[in-house]
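Okay, so here's the structure we're looking at.
Laboratory data are not the source of any read-out in this text; all were calculated from the coordinates shown. This structure is a prediction, so every number in the text was calculated from the model and none was measured. Reconstructed Cβ throughout: ideal geometry from the backbone, glycine too, with neighbour counts over all protein chains shown.
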């Protein structure tokens, strides 16, 4: 049997993403030893019950010992604590990667704390569901989705290649771009849609009671798609908005201007403006279907 | 064999909704004669090819002759023309219903033109997809969704009962409420979500080219759900926003205030406000799942 891609993988965080990756390794890389680290005892217990870890610990320092790959899959707000905790215990030549949704903030939090004898490859598998926790994961979650790596100018290409191979094992297509660019693209494709979904579902929550119960009953007309997005993990999303503040606020500003323009067209009965705008957006949908991301 | 629910049904408009209803009648009410009416020859040709009509015509007056049920399934902006065209040709005791998404405007356009010897039962089957045209329809589209009827104070209960039976045949649950109330509920559950989806996809359309192509490639993180909604029929949606102007503007105002509050929380780094709001919205999702509308 050929050597596994990684001998020993430490997963710092074993939620939706971490546990899905563990399932991929279990399935496709049986020679890999998986160490799962989480703060809460219930989470570790779940990881054991699911059989997706060979060892579990609540201590990040213990988890990374002897690991040739460390995957940080915790909320972004935990990075500042995790970096200094694991740094002294990282093996020479270990690769450290992460799955955080904001790469600028991930790099700012981790890079200064990591020793020069390890390779840091920031990454973001763009996949997920509205569920969270180790029970919600599944190996096929990554299939045909994109993983974006944002290596630093001095990141060793071999380390990038090995992290690329990891996500390809999970069925992902892998792209590389600067962290700042990633954060702008995701602000538009993911962060702003989530903010808006959270907002509109919140607006409905505040409705008078009779109206609210009917909004729930008759949610089939578009609203329920928003509620699915707005059911995503609150802590993770709090962290994302705080960590990608500038790019989100910029995209939100553009969105608000466009919304105001449509609002004005509705108020003044400008049907042509509305129809023209609505027809344009169909083209984007077609592009997404052609890009096989629909 | 027992008598069919309706002997002769005239469908004025044979797009997504009209053609889906025709399929239901074909499947579950074989004794019913279906007359399809559309403006465009291609649409009528499609209806014939699909075998979902016994007769086709581009003349609404001819279509409704001898029909005991007339279903107006055309864009709302066509109602003002359709009403006077069909009125003189409606059979005594015929039931006229419609499927328009804004009931106040539907009633305003049709009610004054209809003769007193017919029964008008305004309705709205809350079902659909982002596709349009007769090819896009399917009988199961209505299954387990709600149909809202908004009869007028003087509408005969027997007529309401027969239209109720029609949509129940399609697998729908049927509710009754005043038109004004319907228009408020739908402004929140359907019209505002569509407006927002159209807006955000439009915002992406206007991005610089490099950013735009990557938004398409990496759309999996929430954005693609919006593009599906924003691929809905532009003319139908133009009409909805113009017809339900007041309720949409009211809900939009509430939404904008809530969005501004979250924007402010992001700008000032108020993580607690964000997390609290995001956690609340999960509860709404659970209610929808319990209401079996997810």
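Projecting the alpha carbon convex hull of region A:19-83 along each direction and taking the average yields 4.4 nm². Treating each Cα of region B:73-120 as an identical point scatterer and ignoring solvent, apply the Debye formula and state log10 I(q)/I(0) at q = 0.14 Å⁻¹. Computed log10 I(q)/I(0) values: -0.29. Note on chain B: GNM, Cα springs under 10 Å; of B:86, B:196, B:216, the largest mean-square fluctuation is that of B:216. Each other copy holds its own label point for residue B:208; taking that point as 7 Å from Cα along Cα to Cβ, the gaps run 4.8 nm, nearest first. For chain B, modelled as a Gaussian network with Cα springs under 10 Å, which listed residue fluctuates most, B:248, B:185, B:174? So, out of B:248, B:185, B:174, the one fluctuating most is B:185. Adding -39500 (n - 2.57) for every DSSP H run of four residues or longer, then dividing by how many residues chain B holds, sets the calculated 222 nm ellipticity at -15500 deg cm²/dmol.
Taking label points 7 Å from Cα along the Cα-to-Cβ direction, residue A:257 and residue B:2 give a separation of 6.2 nm. Sorted from closest to farthest, the other copies place their residue B:81 label points 6.6 nm away, with each point set 7 Å from Cα along Cα→Cβ. The mean sequence separation of alpha-carbon pairs under 8 Å and at least six residues apart, normalised by the residue count of region A:1-158, gives a relative contact order of 25 percent.
Compactness of region B:133-197 was expressed as the Cα radius of gyration divided by 2.2 N^0.38 Å, which yields 1.29. Just to be sure I follow: if Rg is taken over the C-alpha atoms of the protein assembly as shown and Rh is the Kirkwood radius over the same atoms, what is Rg/Rh? We get a ratio of 1.06 for the protein assembly as shown. For a bin width of 10 Å, list the pair-distance distribution of chain A built from all Cα-Cα distances, rounded to whole %. Going from the shortest bin to the longest, the percentages are 6, 25, 33, 20, 11, 5, 1, 0. The spread of Cα positions in region B:172-215, taken along each principal axis and listed from longest to shortest, comes to 50, 22, 8 Å.
Helix B:16-28 and the longest principal axis of the C-alpha atoms of chain B enclose an angle of approximately 50°. Dividing the Cα radius of gyration of region A:150-294 by 2.2 N^0.38 Å, with N the residue count, gives 1.33. Once you have all Cα-Cα distances for region B:50-102, histogram them in 10 Å bins from zero and send the whole-percent values. Once binned at 10 Å, the Cα pair distances of region B:50-102 give 23, 56, 21, 0. With respect to chain A, whose longest principal axis is taken over its alpha-carbon atoms, helix A:192-205 is tilted by about 60°.
Placing one equal scatterer on every Cα of region B:8-177 and applying the Debye formula, the log10 ratio I(q)/I(0) at q = 0.12, 0.18, 0.19 Å⁻¹ is -0.45, -1.12, -1.27. Using a 7 Å projection from Cα along Cα-to-Cβ, the label point at residue A:271 is separated from the same position in the remaining copies by 5.2 nm, smallest value first.
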